[in-house]
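Scroll down for the structure; my scribbles are underneath it.
The values are calculated or read from the model by the stated rules, or taken from the named source; none is laboratory data. Please read all numbers here as calculations on a predicted model, not as lab measurements. Positions of Cβ are generated from backbone atoms using ideal geometry, with glycine treated the same way; all protein chains shown enter the neighbour counts. For accessibility, only protein heavy atoms count, side chains too; no ligands or nucleic acids. Shrake-Rupley method; radii C 1.70, N 1.55, O 1.52, S 1.80 Å.
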Amino acid sequence: MPPTSFSCSFLTLQPRFNSYVNPFFRSLSFQLSSSPLPFNAHFSSIRLRSSLSRPAETDSPTGGRSGALTPGPSVGADVQKIDVNPPKGTRDFPPEDMRLRNWLFNHFKEVSRLYGFEEVDYPVLESEALFTRKAGEEIKDQLYCFEDRGNRRVALRPELTPSLARLVIQKGKSVPLPIKWFTVGQCWRYERMTRGRRREHYQWNMDIIGVPGVMAEAELLSSIVTLFKRIGITESDVGFKVSSRKVLQEVLNCYSVPEHLFGKVCVIIDKIEKIPVDEIKKELEAVGLSQEAVQKLLQVLSVKSLAELEERLGSSGEAIADLKQLFSLAEKIGFSKWVQFDASVVRGLAYYTGIVFEGFDREGKLRAICGGGRYDHLFSTFGADDIAACGFGFGDAVIVELLKEKGLLPELNLHVDDIVCALDEDLQGCAAMVANILREKGHSVELVLENKPLKWVFKRASRVNAERLVLVGNSEWQRGVVGVKILSTAEQYEVKLDDLK
């Protein structure tokens, strides 16, 4: 039956407490269950709803304070349930998902360590200006940005490279070149969601600062290939499309396209596989390119081999030289089967200046897995001297989708070394001591925190994949030993506390 609501004075329920009860309680409205409850029932059985508000107290003429309580607006008894789902485009990480995330991040960090990179991190909240210095970028329209209480424009970071540049500038000459830093950080973009694309994601970045040669790009590509191999991905599953922003620049120079349009053109070209070619043409003409320049540009961007590119642009340009050197290094280092030339790859961020690359799945079911390139002129946009630099970003969402697609997701079950249980409630403190002895020796230990039957303990041990069950019994404890059971073999034995390992 639904609960019955009525208002009553606290004094009506307990008149003998009249002189002791604060007047505030006299006007409380109680909502009691329709089933009879004794007055001394726990207050958890009684739902209280306040039907009054406390006014400001004023000084009375006699020097004391007075303040009559007057009823306020009635508040509905039923509290509205919250939406238990995370905000659209974001994720929870329950234990099973957290184990997968940690597994992937550990691979990111181990590969970075193998290549001699140092880990850094930056604030998730940055100055908005850090991400809006370059015009024409789609990312400006995807910022989570606001004005804080100090009237400062701030934003949740949509990417990590500008924060890297800020920190490098801040450190100045105190950090010797070359700098080899990596980070795994959360990024936020308000964008249309597709498979593998969310409004928040974690990203692995590796960056090399202070090396102008293509060897730096080769090192970065090699590190990503190493990551793929570690998690079971092969060159038949994924590849890298490689090009150079200098290719685009050479074509635009032929048609006297102003330099300030370069970034806008790159953003448009980056959509080449996402929207129809006719739309690309319209957008390029809208920013000021002639029809002839658009036609020539699209012809060059359709080139899929270095030899053909050399025929169209000649062999004297920097773009051809850089790309030839990179493909030669790929052959020597051993990842040539992973890379292919594709002139249409320009990357959407305006700060790239040279070699650019994207990781893609060969079946074409997913968006770019990772991407990066050279950004030699980024630092000057923040008022500092330019430094040769290159790096990449590798998101966590697309690679997980690819691992699912290939059936390569690892089984990552909860696992503990030992589960410790007291056979008597009085021995729970002793069991806690045994658990700590094992923990100090590096064991992961689950301590049974309540007095549970052995049947429950064995089920729990199975669920947490414990290797051993350590039992603390009364007679054993008096003899200074505990019982140990190897759960995989059912072997049982006793061991002294001092010998417990």
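All told, Glu250 meets the bar of being within 24 Å of Tyr375 (Cβ to Cβ), touching a residue at least 40 places away in the same chain (Cβ under 8 Å) and assigned to a helix (DSSP H, G or I).
Residue-by-condition table, conditions (1) buried (at least 21 other Cβ atoms within 10 Å of the Cβ); (2) hydroxyl-bearing (Ser, Thr, Tyr):
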{"site": "Ile355", "(1), (2)": "yes, no"}
{"site": "Glu363", "(1), (2)": "no, no"}
{"site": "Ile369", "(1), (2)": "yes, no"}
{"site": "Ser380", "(1), (2)": "no, yes"}
{"site": "Asp386", "(1), (2)": "no, no"}
{"site": "Cys390", "(1), (2)": "yes, no"}
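Taken over segment 75-123, the criterion of being within 30 Å of Lys171 (Cβ to Cβ) and either at pLDDT below 95 or among the aromatic types (Phe, Trp, Tyr) (or both) is satisfied by Phe105, Phe108, Tyr115, Phe117, Tyr122.
In segment 264-280, the residue that is least open to solvent (accessible area, probe 1.4 Å) out of those that are modelled with pLDDT under 85 and more than 22 Å from Leu309 (Cα to Cα) is Ile275. Quick check on segment 191-200. Is at least one of its residues among the β-branched types (Val, Ile, Thr) and crowded, with 22+ Cβ neighbours inside 10 Å? Within segment 191-200, not a single residue is among the β-branched types (Val, Ile, Thr) and crowded, with 22+ Cβ neighbours inside 10 Å. In segment 258-287, the residues that are assigned by the TED database to the domain that holds Ala368 and under 18 Å from Gly373 (Cα atoms) form Cβ pairs under 8 Å with partners that are open to solvent by less than 50 Å² (accessible area, probe 1.4 Å) and among the hydroxyl-bearing types (Ser, Thr, Tyr), at six or more places apart or across chains, as follows: Cys266/Tyr352; Ile269/Ser344. Of the residues screened, Ser244 is not one that is in the same structural domain as His107 (by the TED database) and loosely packed, with under 13 Cβ neighbours inside 10 Å. If you take the residues of segment 162-204 that are touching a Phe, Trp or Tyr at 6+ places or on another chain (Cβ under 6 Å) and of a type in the set (S, T, N, Q), which of them is nearest to Phe394 (Cα to Cα)? Looking at residues that are touching a Phe, Trp or Tyr at 6+ places or on another chain (Cβ under 6 Å) and of a type in the set (S, T, N, Q), I get Gln186. Summed over segment 283-295, residues that are crowded, with 17+ Cβ neighbours inside 10 Å and in contact with a helix residue (DSSP H, G or I) (Cβ under 6 Å, 6 or more places away or on another chain) total 3. Condition (residue is within 30 Å of Phe93 (Cβ to Cβ), aliphatic (A, V, I, L, M) and outside any loop (DSSP other than H, G, I, E, B)) applied to segment 406-427: is it met by at least one residue? Yes, segment 406-427 contains a residue that is within 30 Å of Phe93 (Cβ to Cβ), aliphatic (A, V, I, L, M) and outside any loop (DSSP other than H, G, I, E, B).
For segment 140-196, taking the residues that are out of contact with any helix residue (DSSP H, G or I) (no Cβ under 9 Å at 6 or more places or on another chain) and aliphatic (A, V, I, L, M), the one that is nearest to Cys370 (Cα to Cα) is identified as Leu160.
Here Glu494 fulfils each of the conditions (1) surrounded by 11 or more Cβ atoms within 10 Å (Cβ to Cβ); (2) closer than 28 Å to Leu412 by Cβ apart from (2). In this structure, does Glu250 turn out to be charged (D, E, K, R) and either open to solvent by less than 70 Å² (accessible area, probe 1.4 Å) or within 37 Å of the chain's Cα centre (by Cα) (or both)? In short, yes. Among the residues of segment 393-407, the ones that are open to solvent by 20 Å² or more (accessible area, probe 1.4 Å) and over 13 Å from the mean Cα position of the chain (by Cα) come to 5 in all. In segment 300-318, which residue that is under 18 Å from Gln340 (Cα atoms) and polar (S, T, N, Q) is modelled with the lowest pLDDT? Per the criteria, the residue is Ser302.
Of all the criteria given as (1) over 16 Å from Gly373 (Cβ atoms); (2) part of a helix (DSSP H, G or I); (3) of a type outside the set (Val, Ile, Thr), the one not satisfied by Ser223 is (1). Of everything in segment 315-326, what is out of contact with any Leu (no Cβ under 7 Å at 6 or more places or on another chain), open to solvent by 50 Å² or more (accessible area, probe 1.4 Å), assigned to a helix (DSSP H, G or I) and not acidic (Asp, Glu)? Give them in sequence order. Correct list: Ala321, Gln325. In the set (1) over 20 Å from the mean Cα position of the chain (by Cα); (2) modelled with pLDDT under 95; (3) crowded, with 17+ Cβ neighbours inside 10 Å, Lys173 fails one condition alone, (3). Considering the conditions (1) surrounded by 14 or more Cβ atoms within 10 Å (Cβ to Cβ); (2) in a loop (DSSP other than H, G, I, E, B), Ser163 is excluded by exactly one of them, (2).
Restricting the first member to segment 435-460 and to residues that are closer than 25 Å to Asp498 by Cβ, and the second to residues that are of a type in the set (Ser, Thr, Tyr) and open to solvent by 40 Å² or more (accessible area, probe 1.4 Å), the beta-carbon pairs closer than 9 Å and six or more apart or on different chains are Leu438/Ser444. The number of residues in segment 353-370 being farther than 20 Å from Ser302 by Cβ and within 24 Å of the chain's Cα centre (by Cα) comes to 7.
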